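The values are calculated or read from the model by the stated rules, or taken from the named source; none is laboratory data. Worth saying up front: this structure is predicted, and the values here are computed from it rather than measured. Glycine gets a Cβ as well: all are built from the backbone with ideal geometry, and neighbour counts include every protein chain shown.
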Amino acid sequence: MARSIRLHVDATLHAAAVIAATPEQAHRLATVMRRGPGDPVRLFNGRDGEWQGHIHSIGRGRAALAIDRQLLPQPAEPALWLVFALLKRDATDLVIEKATELGATDLQPVLTERANTHRVNAARLAAVAAEAAEQCERLSVPRLHPTQPLAGLLASWPRDRPLCVAAERTDAAPLQHAARPAGLLVGPEGGFSAAELDAMSAHPFVTLASLGPRILRAETACIVGLALLQAPERG
């Protein structure tokens, strides 16, 4: 039997349903993976768990997927926000991909004084996140929020949710495991300006934190920070 492929879909999943694949998914199934009617697929939508299904029919740019049975229920996920200054395209794609693999539930781009770009292709980034979730066998895809200025983020941030700021070249304490829903803020390649650090430090929910003795690239800092926030506490 052909190896089952995982696909993220928007439709509600339940036994005996038949849903339409997107044209991109149909092309991938037929042309890239060379699958046909009867071949297995696994489906998830971030709400209904994971389901076993099969290709009901497939043609040029279209495919119908039949749902057979549930494989896994939808698990609860602790809120883990990644807030990041916009980077160049490839670096931003890497951040989205790895944040998805590491379990970030929300992705929030922000504009900072030294951001590398102000452009965001939300549809492309959402596709990157969905593909990463398919590959890593996650049952949800992070929510991608509209880009906003750093000042707007600080003004609207929930006061009961810690926001850990990766602050290089400071005497901040090392980033620790977060015991409750939290957020990680990573700045651009040039770091935060002094005015931005002062503005963030004025908020009681903000904690400046160190990611180690070396200066990391912004995309590396996102990966390291998310891993540290979820690392088990040492007894």
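Here's a check for you: in the stretch 175-198, which residue that is in contact (Cβ under 8 Å) with a residue 40 or more places away in the chain and over 20 Å from residue 106 (Cβ atoms) is surrounded by the fewest Cβ atoms within 10 Å (Cβ to Cβ)?
Ranking the qualifying residues of the stretch 175-198, first place goes to 195.
Inspect the stretch 195-214 for any residue being touching a helix residue (DSSP H, G or I) at 6+ places or on another chain (Cβ under 7 Å) and farther than 19 Å from residue 84 by Cβ and give the result as yes or no.
Among the residues of the stretch 195-214, not one is touching a helix residue (DSSP H, G or I) at 6+ places or on another chain (Cβ under 7 Å) and farther than 19 Å from residue 84 by Cβ, which makes the answer no.
Do you know which of the residues in the stretch 199-215 that are touching a strand residue (DSSP E or B) at 6+ places or on another chain (Cβ under 8 Å) and within 15 Å of residue 175 (Cα to Cα) is surrounded by the most Cβ atoms within 10 Å (Cβ to Cβ)?
Per the stated criteria, the residue is 211.
With respect to the numbered conditions (1) more than 27 Å from residue 181 (Cβ to Cβ); (2) touching a residue at least 12 places away in the same chain (Cβ under 8 Å); (3) not aromatic (Phe, Trp, Tyr), which one is the sole condition not fulfilled by residue 31?
Just one mismatch for residue 31, condition (2).
Out of 161, 180, 138, 119, I need the residue that is part of a loop (DSSP other than H, G, I, E, B), modelled with pLDDT of 95 or more and either outside the structural domain of residue 106 (by TED's automatic domain parsing) or of a type in the set (Lys, Arg) (or both). Which one?
138
When the stretch 98-114 is examined, which residues are found to be among the small types (Gly, Ala, Ser) and surrounded by fewer than 21 Cβ atoms within 10 Å (Cβ to Cβ)?
103
What do you reckon, is residue 133 surrounded by 19 or more Cβ atoms within 10 Å (Cβ to Cβ) and more than 17 Å from residue 229 (Cβ to Cβ)?
yes
Could you grab me the full set of residues in the stretch 136-150 that are exposed (fewer than 14 other Cβ atoms within 10 Å of the Cβ) and either within 21 Å of residue 85 (Cα to Cα) or of a type in the set (Val, Ile, Thr) (or both)?
146, 149
Of the conditions (1) surrounded by fewer than 17 Cβ atoms within 10 Å (Cβ to Cβ); (2) within 18 Å of residue 115 (Cβ to Cβ), residue 153 clears all except one; give me its number.
Exception for residue 153: condition (1).
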